[in-house]
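The values are calculated or read from the model by the stated rules, or taken from the named source; none is laboratory data. Keep in mind that what you see is a predicted model, and the values were worked out from it rather than measured. Methodologically, a virtual Cβ is constructed for each residue, glycine included, from the backbone with ideal geometry; neighbour enumeration extends over all protein chains shown.
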Amino acid sequence: MSAAWPYPRWVAHRGAGKLAPENTLAAFRLGARHGYRMFECDAKLSADGVVFLMHDATLERTTSGRGTGGELPWGTLAQLDAGGWHSRAYAGEPLCTLENAARFCLANGCHLNIEIKPTPGLEQLTGEVVAREAARLWAGSEVPPLLTSFRPESLAGAQATAEHLPRGLLLDTLWKGWLETALTLGCTAIVCNHELWEPSTVTQAQSAGFRTLSYTVNDEWAAQRLIDLGTDGIITDRVDLFSPA
Ligand code: G3P
Ligand code: CA
């Protein structure tokens, strides 16, 4: 039997990160304007240990900077333009700290799925620091953020630091031992590439007590298939297509 699940079905990916610059507050605001009450984001560490939101290890695709984001201090990262790459309307949008994402979510009654996206080599440390920060920022809140990662070492770091925060194992393939790993890590959810969910895998995960979520679902037929399969959560870029109401 699965534990109580406090999160909505629909989750806006990277904020609403196709229509606005991903992992910025502008994307969160846009997702919220479309009725979304839960956001997924990617979290990593600056060189001086500040948790900030960015998908790639390197800065080039989504900021005006160059090189590895995790090698720069927050003071330098905070000066970058993380919106101009997307469109003129968002030029000057800054990178977002986890702290400011938490402020937005808590002030607006929104939930957060924090994907721990470590700079390579910093898997366990990133899990530890993200979990410590999340526990601090959401202290006293009724619904904690959901921490997810493709990297078991990051989830182990989160588990060791703030065991009470819910965790989910992200899977892009059903690698050998995924179910046992999720059990060992005390996960409450499995978050799969949506194509991996079949009746047999859903039954396997649900029988072991896991909630079942999917990324990144941008077509109506795919969303309907996942709903028909009885899964719990859908992470989408298409906040303009799917109404979470
Ligand atoms: O958290 C689900 C999804 O965001 C994982 O893929 O590459 O978009 O971080 P990616
Ligand atoms: Ca992600």
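Side notes on the structure shown:
- Restricting attention to region 144-161 and to residues that are in a helix (DSSP H, G or I) and of a type in the set (A, V, I, L, M, F, W, C), the residue that is farthest from ligand 2 (Cβ to nearest atom) turns out to be A160.
- Conditions (1) outside any loop (DSSP other than H, G, I, E, B); (2) under 18 Å from the mean Cα position of the chain (by Cα); (3) away from ligand 2 (no atom under 16 Å from the Cβ); number of the one not met by G109: (1)
- Scanning region 202-214 for any residue that is aromatic (F, W, Y) and within 19 Å of the chain's Cα centre (by Cα) turns up at least one such residue.
- So L98, is it within 16 Å of ligand 1 (Cβ to nearest atom), free of Cβ contacts under 8 Å to residues at least 60 places away in the same chain and aliphatic (A, V, I, L, M): yes
- Within region 105-121, residues that are in contact (Cβ under 8 Å) with a residue 40 or more places away in the chain have Cβ atoms under 8 Å from residues that are charged (D, E, K, R) and part of a loop (DSSP other than H, G, I, E, B) in these pairs: G109/R37; C110/R37; H111/R37; I116/R151; P118/R151, counting only partners at least 6 apart in sequence or on another chain.
- Leading residue by the ranking (surrounded by the most Cβ atoms within 10 Å (Cβ to Cβ)) among those in region 210-230 that are assigned to a loop (DSSP other than H, G, I, E, B) and within 14 Å of ligand 1 (Cβ to nearest atom): V217
- Filtered residues of region 226-241 (kept if closer than 23 Å to T148 by Cα and of a type outside the set (S, T, N, Q)): L226, I227, L229, G230, D232, G233, I234, I235, D237, R238, V239
- Exclusive hit being farther than 12 Å from A131 by Cβ and either touching a Cys at 6+ places or on another chain (Cβ under 6 Å) or surrounded by fewer than 17 Cβ atoms within 10 Å (Cβ to Cβ) (or both), set L169, L179: L169
- Condition broken by R88, with the remaining ones in (1) touching a residue at least 60 places away in the same chain (Cβ under 8 Å); (2) at negative phi satisfied: (1)
- Taking the listed residues A26, A43, A47, the one that is surrounded by fewer than 23 Cβ atoms within 10 Å (Cβ to Cβ), touching a helix residue (DSSP H, G or I) at 6+ places or on another chain (Cβ under 9 Å) and not acidic (D, E) is A47, with no other qualifying.
- Inter-residue pairs, beta-carbon under 7 Å, first farther than 28 Å from L183 by Cβ and in region 212-230, second in a helix (DSSP H, G or I) and of a type outside the set (G, A, S), 6+ apart: none
- Here S207, S149 are screened, and the one residue that is away from ligand 1 (no atom under 16 Å from the Cβ) and either of a type outside the set (S, T, Y) or at pLDDT 95 or above (or both) is S207.
- Residue match in region 63-82 (condition: crowded, with 23+ Cβ neighbours inside 10 Å, touching a residue at least 24 places away in the same chain (Cβ under 8 Å) and within 29 Å of E220 (Cβ to Cβ)): no
- Residue in region 145-158 that is farther than 20 Å from L213 by Cβ, free of Cβ contacts under 8 Å to residues at least 24 places away in the same chain and not aliphatic (A, V, I, L, M) present: no
- Residue within region 157-170 that is hydroxyl-bearing (S, T, Y) and either more than 14 Å from the chain's Cα centre (by Cα) or more than 16 Å from ligand 1 (Cβ to nearest atom) (or both) present: yes
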